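The values are calculated or read from the model by the stated rules, or taken from the named source; none is laboratory data. Quick caveat, the model's predicted, so the values are computed rather than measured. Glycine also receives a Cβ, built like all others from the backbone with ideal geometry; neighbour counts cover every protein chain displayed. In case anyone asks, the SASA skips ligands and DNA or RNA and just uses the protein heavy atoms, side chains included. Shrake-Rupley method; radii C 1.70, N 1.55, O 1.52, S 1.80 Å.
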Amino acid sequence: MKLFYAPGACSIGIHVLLEEVGKPYEAKPVALRSGEQMTPEYIAINPKSKVPTLVRDDDTVVTEFPAIAYYIGRAFAEAKLFPADLDAQVKVMETMEYIAATVHMQGFTRIFRPTNFNADPAKEDEVKAAGLAIAEKGLATLDKQLGDKTWVAGEFSIADAALFFVEFWYASRLGKTLPANLARHWAALNARPSVQKVLKDEGFAA
Ligand SMILES: N[C@@H](CCC(=O)N[C@@H](CS)C(=O)NCC(=O)O)C(=O)O
């Protein structure tokens, strides 16, 4: 398997899942800042020009965080990253969709790529503030949903890897204080060897 990722992008959650699985894989960095995602070579792999992209061993490609995470969770069942119980599965999917479609795409993308929403540089602060409000509402919702549980749905699952990347953005990239339950979740994640290795491999830890 080959993961196309960018250091600190949402792909970091998939990177963690591949470490949790423990099978050999290749991690290929994509230089988003210099526009490598727009090159014909990358578009031939993922026409959406985004990371994460997972190329499987038969050369077929999976894109979109929730789909890649679901694939990993189901294909490597022995890693126990996707629960067996139906209600837990529904909670996992509900959490991943909310993170990917709302907290990430509507919230954090406004903060990190304001010009995607308004090309006028004079509107940048307004767009970023709107993004922060959406992200914070999302994190508060996820915090309440987590409550005093350690993981989103029973044991550590693909949903916790999705929660990881938004917590990483809020706590590490923006340097803000996570709500209490998410702060505890973030601490539990940071105790996992998979997370420690990926943070190191992507250049965020010594
Ligand atoms: N809906 C996609 C979003 C992926 C996405 O937006 N990735 C960002 C990095 S976090 C990206 O590749 N941005 C490059 C660009 O927009 O040019 C998913 O869930 O995988």
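Miscellaneous remarks
- Residue 45 being in contact with a Leu (Cβ under 7 Å, 6 or more places away or on another chain), modelled with pLDDT of 95 or more and within 14 Å of the ligand (Cβ to nearest atom): no
- Residues of segment 157-170 that turn out to be open to solvent by 10 Å² or more (accessible area, probe 1.4 Å) and more than 16 Å from the ligand (Cβ to nearest atom), as a count: 0
- Subset tally (residues that are over 20 Å from residue 109 (Cα atoms) and open to solvent by 60 Å² or more (accessible area, probe 1.4 Å)) for segment 30-60: 8
- Some residue of segment 67-77 being part of a strand (DSSP E or B), more than 15 Å from the ligand (Cβ to nearest atom), outside the structural domain of residue 165 (by TED's automatic domain parsing) and open to solvent by 60 Å² or more (accessible area, probe 1.4 Å): no
- Taken residue by residue, segment 80-87 has no member that is within 12 Å of the ligand (Cβ to nearest atom) and either modelled with pLDDT under 95 or not in a strand (DSSP E or B) (or both).
- Residue ID - nearest to residue 13 (Cα to Cα), chosen from residues in segment 52-66 that are within 15 Å of the ligand (Cβ to nearest atom) and part of a loop (DSSP other than H, G, I, E, B): 52
- Some residue of segment 102-110 being open to solvent by 40 Å² or more (accessible area, probe 1.4 Å), within 12 Å of the ligand (Cβ to nearest atom) and outside the structural domain of residue 175 (by TED's automatic domain parsing): no
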